[in-house]
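Step one of this worksheet: look at the structure below.
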Amino acid sequence: MREGSLDAPTRHRIAWKDPDFTDRGKTEAEMKCPYVPPHQFNVDFPHVMLRYRAVERHEGRIPLQQRELVKTDRNGKLASLAAPLANWASDRKNALTRPLLETAAGIDRKAELPKYHGPTFVRRAKRSAAPVDSTAPAYGRKAVLYATCFVNYNNPSIGEATRAVLARNGVIPEVLYPRCCGMPQLEQGDLAAVARSARQVAAALSTWIDKGYDVVALVPSCALMLKFEWPLIVPDDAAVEKLAKATFDVSEYIVDIARKEGLAPGISALDGGVTVQLACHARAQNMGQKAAEMLRLLPQADVAVIERCSGHGGSWGVLRGNFETAVKVGRPVARQALKLHPIELVARAYGIPGAWSDAEARM
């Protein structure tokens with residue numbers, strides 16, 4: 001294998017239970033070169049950085065406010081109970097509350113924060129079933145949508161668009177959200193918390209897989225966790241391994257339907273071109289440019305692709321002291337990038353009403 005090749009990298013199990021894993025001296029000794037296997041030096045740089053964060057957590061160097069910030073399920077449940085108040089307080093134009101939030105939580109007052117919704121995606125899905133088109137070529141497929149904390153609490157329109165597009169294509173969709181995938185905790189090196197999430201979510205989804213359902217993750221970060229990171233953190237769990245093999249990124253799943261059965265008719269062209277930023281966590285799944293491939297399935301699609309970092313880095317980008325750097329890194333992407341999720345554009349092309357109403361309100 002050659003340096004700079006496009007071959008799939010070799011990932012290693014994470015020995016996070018080994019006492020040496022959080023030994024600062026041994027960790028710093030490993031931090032020598034930024035290469036991911038296959039390479040002669042055989043250093044998995046992303047996991048070296050993860051180990052360093054685990055060391056910082058072990059030494060108590062992660063502030064309490066940052067540890068509380070990544071408790072997405074607790075925060076999401078509380079905020080959804082009083083969504084209008086939460087959104088008012090988090091609005092960056094609110095000169096009364098944002099300075100207080102910056103002091104209390106360390107969130108830069110200039111950072112745009114995601115909005116919360118009273119009716120979460122899971123609640124919306126329970127209100128009404130998605131009518132499945134039995135005449136569609138892919139009829140017979142079944143998929144359980146892993147809602148993710150972001151879609152469930154902050155961006156239900158992505159989930160609604162996905163559910164509607166799958167149903168239009170004959171796929172029976174179910175919605176499930178046992179808990180967050182643990183990516184926010186992974187960013188802070190809390191691997192024990194990630195392992196707990198992996199075991200609980202995998203156990204909940206296992207019965208659906210046994211019934212013939214595919215698993216569709218609605219956010220690239222979460223798809224990456226389910227497919228790649230969890231098996232390296234809890235390699236002894238059969239349910240986690242089974243889930244990894246059954247999971248698709250949402251764009252990947254639509255492309256898979258198009259290739260194997262063909263998409264349902266009724267897609268119309270959209271006005272204007274589309275620029276899509278390929279998320280780093282989508283590229284890390286080694287599945288190709290699936291978001292761009294999906295959008296090119298639309299008639300007369302003019303799709304431009306940006307392969308640059310957004311600068312966000314999860315919760316890192318909104319923190320005081322990091323925000324200006326994040327904006328600088330992400331500015332070239334922000335000038336051009338898509339403001340809707342690609343699946344929302346597919347829903348629009350099908351003429352599905354209301355699937356993107358929340359998304360348009362965000363623009």
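The values are calculated or read from the model by the stated rules, or taken from the named source; none is laboratory data. None of the values given here were measured: they were computed from a predicted structure. Reconstructed Cβ throughout: ideal geometry from the backbone, glycine too, with neighbour counts over all protein chains shown.
Side notes on the structure shown:
- Every residue from the range 57-104 that is aliphatic (A, V, I, L, M) and crowded, with 16+ Cβ neighbours inside 10 Å: I62, L69, V70, A79, A83, A86, A89, L101
- Residue among V165, V151, V219 that is touching a residue at least 12 places away in the same chain (Cβ under 8 Å), in contact with a Ser or Thr (Cβ under 6 Å, 6 or more places away or on another chain) and within 30 Å of I267 (Cβ to Cβ): V219
- Test: A193 is closer than 15 Å to V216 by Cα and not charged (D, E, K, R): no
- In the range 222-245, residue nearest to G159 (Cα to Cα) [restricted to those that are aliphatic (A, V, I, L, M) and without any contact (Cβ under 8 Å) to a residue 40 or more places away in the chain]: A244
- A single entry from F41, F45 fulfils the requirement of being closer than 30 Å to D18 by Cβ, touching a Cys at 6+ places or on another chain (Cβ under 6 Å) and at pLDDT below 95: F41.
- Residue list for the range 124-145, filter: in a loop (DSSP other than H, G, I, E, B) and under 24 Å from E252 (Cα atoms): A129, A130, P131, V132, D133, S134, T135, A136, P137, A138, G140
- Within the range 76-123, the residues that satisfy the criterion of being outside any helix (DSSP H, G or I) and among the charged types (D, E, K, R) are D91, R92, K93, D108, R109, K110, E112, K115.
- Checking D249 against (1) under 30 Å from I62 (Cβ atoms); (2) surrounded by fewer than 23 Cβ atoms within 10 Å (Cβ to Cβ); (3) among the acidic types (D, E), the condition it does not meet: (2)
- Count of the range 126-171 residues which are over 23 Å from R74 (Cα atoms) and aromatic (F, W, Y): 1
- Screening the range 143-202 for residues that are surrounded by fewer than 23 Cβ atoms within 10 Å (Cβ to Cβ) and of a type in the set (K, R) and picking the one that is nearest to the chain's Cα centre (by Cα) gives R179.
- Contact map, the range 115-129: residues that are in contact (Cβ under 8 Å) with a residue 12 or more places away in the chain paired with residues that are in a loop (DSSP other than H, G, I, E, B) and not aromatic (F, W, Y), Cβ distance under 7 Å, separation 6+ or inter-chain. Pairs shown: F121/A147; V122/A147.
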